[in-house]
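Peer 1: Before anything else, here's the structure in question.
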Amino acid sequence: MKTRLLEILICPACLPAEIPLAVTLRRQDKDEILEGDLRCDKCGGQYPIRDGLAFLDIPSAAPRQQGIGYESPRALASYLWSHYGDMLNDPEASDAYSQWAALIAPTDGPVLDIGSAVGRFAFEIQDKCDFVIGIDKSESFIRAARELLTRRRKVISLPEEGKLQREVTLQLPEAWHADNMEFIVGDAHALPFRSGIFACLASLNLVDKLPRPLQHLIELDRVARRNDAQALVSDPFSWSLEAAEEHHWLGGKTSHPFAGRGLDNITALLRGDQQALRAAWQIERQGHVWWKIRTHANHFELIRSCYIKACR
Ligand SMILES: C[S@@+](CC[C@H](N)C(=O)[O-])C[C@H]1O[C@@H](n2cnc3c(N)ncnc32)[C@H](O)[C@@H]1O
C-alpha cells in the first residue's frame, strides 16, 4: 500500500467518529508498505497490510469468504474479461469502462472507485486525476488489480466450455502509469477515509449488490468534497432478496420507502430531496452504458447500466 494513503485513512469500525490509524511498519520499499499493521487506538481494531495488500474492512470474527461468490475463480475470470476483454482482442468485448471514464472531467484531486473489482475504471481515470484508489470487499479482485498494478501483466484462465479453459496473457499498455494508483480491500458501507477528501467518486454496478445501498450512498457523499466534486453512480437496478432485504432497496417496488424506479429515487437523493446527504448535488447528466460479463465462450450477460453523473 502506498504510504500517501496513511494521511487519509481512518478506522471504519469507529465511524461516524473519524479516528486516525497508527502504523507499525515491518517492510517497506520506497513509498510502498509491503508488511505492516494499522491500528485504531480507540477500539483496538487491527488492519493488516500483507504483501502490499491492505485490509481496511471492519475486522470480523467470521473467517473471510473464500472460493465462493465474488471470491470464486469463475467470478475472477468473468470480471477480468469484462474489464480487459478489449485488450485481449476479443471482438465481443465492451468499451463500457472508457464510456464511464469519458463522463468524468479532469480534476486536480483524488478519485475513489467504490466496488472497483479488478480495476479497469481506475486505470481508465488515472491520467485525469491526482491519485485514484479502488476499494472492494473481494480480496481476490483486489489481489488481481494489484497484480496488474505491480507486474503490469496477468495470466488469465478463461472458461471455454465445461471444464475446458484457455490461458491468455493480459499486458497493460505502456501509456498507463501506475504510480498514482492503489487498490485496497474495504467495505462500501464503512469507507476507511476521512470526510470531504475525494474530488470524484464512482459507484458502478454496486448499489443493487449491497445489503444497505442507502448507507453506501451516505458514505460516498461523506468522503466527497463539499464543493468541486463529481459523482458517477451507474447501476442496472437488479434488486434482489439475495443482496438486500426489500425495505433496503432504493427502488423496484410499490411500497415505501423508495417506491418506484431506482434511477429516479437515487437522482432525488443526490439532489437532496430527502436531506439524507450532507450537501446536495446537481444532476449533470443521465444515460446508460451497455456492459457485458462473460461466463464462458458461448454465454454472456448484456447489462444496461443506467447512470447519473452529478457534481457540486
Ligand atoms: C457487480 S460487481 C461491479 C464491479 C465494478 N464496479 C464493475 O462495474 O465492473 C459488484 C462489486 O462490488 C463488490 N462488493 C460487493 N459488496 C461490497 C461491499 N460491501 N463493499 C465493497 N465492495 C463490494 C464486489 O466484490 C464486486 O466487485
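Values in this text are rule-based calculations from the coordinates and carry no lab data. What you see is a predicted model, and the numbers here were worked out from it, not measured in a lab. Neighbour counts are summed over all protein chains in view; Cβ atoms, including those assigned to glycine, are modelled from backbone coordinates with ideal geometry.
Peer 1: Does ALA145 count as without any contact (Cβ under 8 Å) to a residue 40 or more places away in the chain and either under 17 Å from the mean Cα position of the chain (by Cα) or not in a loop (DSSP other than H, G, I, E, B) (or both)? Lay out the reasoning, then the answer.
Peer 2: On the way: without any contact (Cβ under 8 Å) to a residue 40 or more places away in the chain: yes; either under 17 Å from the mean Cα position of the chain (by Cα) or not in a loop (DSSP other than H, G, I, E, B) (or both): yes.
When the stated conditions are applied, ALA145 passes them.
Peer 1: Next question. Sort out which residues of region 48-68 are within 11 Å of the ligand (Cβ to nearest atom), surrounded by fewer than 20 Cβ atoms within 10 Å (Cβ to Cβ) and in contact (Cβ under 8 Å) with a residue 40 or more places away in the chain, and write them in order of number. Quick ask: steps written out before the conclusion?
Peer 2: First pass over region 48-68, keeping only residues within 11 Å of the ligand (Cβ to nearest atom): 56-58, 65.
Now narrow it down to the ones that are surrounded by fewer than 20 Cβ atoms within 10 Å (Cβ to Cβ): 58, 65.
Within region 48-68, just ILE58 meets the criteria.
Quick grid of which residues meet (1) more than 27 Å from HIS288 (Cα to Cα); (2) surrounded by fewer than 19 Cβ atoms within 10 Å (Cβ to Cβ); (3) of a type outside the set (Val, Ile, Thr):
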| site | (1), (2), (3) |
| --- | --- |
| LEU149 | yes, no, yes |
| ALA178 | yes, yes, yes |
| ILE197 | yes, yes, no |
| ARG225 | no, no, yes |
| ASP228 | no, yes, yes |
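Peer 1: I'd like to check something: does region 187-194 contain any residue that is more than 26 Å from GLN66 (Cβ to Cβ), more than 14 Å from the ligand (Cβ to nearest atom) and touching a residue at least 40 places away in the same chain (Cβ under 8 Å)? I'd like the intermediate steps shown before the answer.
Peer 2: Going residue by residue through region 187-194, those that are more than 26 Å from GLN66 (Cβ to Cβ) are 193-194.
Remaining after also requiring more than 14 Å from the ligand (Cβ to nearest atom): 194.
Keeping just the survivors that are touching a residue at least 40 places away in the same chain (Cβ under 8 Å) gives 194.
The answer is yes, given that some residue of region 187-194 is more than 26 Å from GLN66 (Cβ to Cβ), more than 14 Å from the ligand (Cβ to nearest atom) and touching a residue at least 40 places away in the same chain (Cβ under 8 Å).
Peer 1: Here's another thing I want to ask about it. Which residues, counting only those in region 148-161, are in contact (Cβ under 8 Å) with a residue 12 or more places away in the chain and away from the ligand (no atom under 15 Å from the Cβ)? Steps first, please.
Peer 2: Taking region 148-161 first, the residues in contact (Cβ under 8 Å) with a residue 12 or more places away in the chain are 148-150, 152-161.
Matches in region 148-161: LEU149, THR150, ARG152, ARG153, LYS154, VAL155, ILE156, SER157, LEU158, PRO159, GLU160, GLU161.
Peer 1: Name the residue, out of PRO48, PRO59, that is part of a loop (DSSP other than H, G, I, E, B) and within 28 Å of LEU204 (Cα to Cα). Break it down stepwise before answering.
Peer 2: Working: PRO48 fails: part of a loop (DSSP other than H, G, I, E, B).
Going through PRO48, PRO59 in turn, just one is part of a loop (DSSP other than H, G, I, E, B) and within 28 Å of LEU204 (Cα to Cα): PRO59.
Peer 1: To continue, here is another question. Of all residues in region 68-96, count the ones that are under 20 Å from the mean Cα position of the chain (by Cα) and not hydroxyl-bearing (Ser, Thr, Tyr).
Peer 2: Of all residues in region 68-96, those under 20 Å from the mean Cα position of the chain (by Cα) come to 68-85, 94-96.
This time we only want the ones that are not hydroxyl-bearing (Ser, Thr, Tyr), so: 68-69, 71, 73-77, 80-81, 83, 85, 95-96.
The number of residues fulfilling the criteria is 14.
Peer 1: Report whether or not ARG261 is more than 13 Å from the ligand (Cβ to nearest atom) and farther than 30 Å from ILE33 by Cβ.
Peer 2: Working: more than 13 Å from the ligand (Cβ to nearest atom): yes; farther than 30 Å from ILE33 by Cβ: yes.
Yes: the conditions hold for ARG261.
Peer 1: Follow-up. May I ask you to list the residues in region 69-94 that are outside any helix (DSSP H, G or I), more than 11 Å from the ligand (Cβ to nearest atom) and crowded, with 17+ Cβ neighbours inside 10 Å?
Peer 2: ALA93
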